[in-house]
Amino acid sequence: MIVTLTKEITVGGEKVKELNIRAPEYDEIAKFGMPFSYSDNGSAKIDMSCTLAYLPVLADIPPSSAKQLLPKDLITISMQIVGFFTASEVSAS
């Protein structure tokens, strides 16, 4: 899944405006866990610490490049990662 970034980041010395986010594999899910939880009222909530752990792995970028992402792009990518697990809508709060 291609995500167009608000601001370019540097990956391996090159400027990048898009990231290709792939679906997680079994071992990665076992390592990082579920990137969302359910509240008492049944709505889903993104676990940002979990999606931030998945991000460099699924985008195949070093953590130093992931740290360059703007908050808006982090939210967009986090929602895409959650989308690999469920078709339900999630809240970024």
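Among the residues of segment 51-69, those that are open to solvent by 20 Å² or more (accessible area, probe 1.4 Å) and either touching a residue at least 40 places away in the same chain (Cβ under 8 Å) or in contact with a Cys (Cβ under 8 Å, 6 or more places away or on another chain) (or both) comprise 60, 62, 68.
Just one of (1) aliphatic (A, V, I, L, M); (2) open to solvent by less than 80 Å² (accessible area, probe 1.4 Å); (3) at pLDDT below 95 fails for residue 87. It is (2).
When segment 38-57 is filtered for residues that are part of a strand (DSSP E or B) and touching a helix residue (DSSP H, G or I) at 6+ places or on another chain (Cβ under 9 Å), the ones remaining, listed by number, are 44, 46. If you go through segment 7-29 and keep only what is open to solvent by less than 80 Å² (accessible area, probe 1.4 Å), more than 18 Å from residue 51 (Cα to Cα) and either of a type in the set (A, V, I, L, M) or not in a loop (DSSP other than H, G, I, E, B) (or both), you end up with 9, 10, 11, 16.
Figure legend. Inter-residue proximity from segment 26-43: first residues at negative phi, second residues surrounded by 15 or more Cβ atoms within 10 Å (Cβ to Cβ) and in a loop (DSSP other than H, G, I, E, B), beta-carbon distance below 8 Å, spacing 6+ or different chains. Indicated pairs: 32/24; 34/47; 34/85; 35/47; 35/85; 36/47; 36/85; 37/47. Kindly establish whether residue 32 is over 11 Å from the mean Cα position of the chain (by Cα), at pLDDT below 95 and surrounded by 13 or more Cβ atoms within 10 Å (Cβ to Cβ). The answer is no for residue 32. Being open to solvent by 30 Å² or more (accessible area, probe 1.4 Å) and modelled with pLDDT under 95 is a description that does not apply to residue 44.
The values are calculated or read from the model by the stated rules, or taken from the named source; none is laboratory data. These numbers come from a predicted model, not from an experiment. Every residue, glycine among them, receives a Cβ derived from its backbone with ideal geometry; neighbour counts consider all protein chains shown. Side chains included, ligands, DNA and RNA excluded: accessible areas come from the protein's heavy atoms. Shrake-Rupley method; radii C 1.70, N 1.55, O 1.52, S 1.80 Å.
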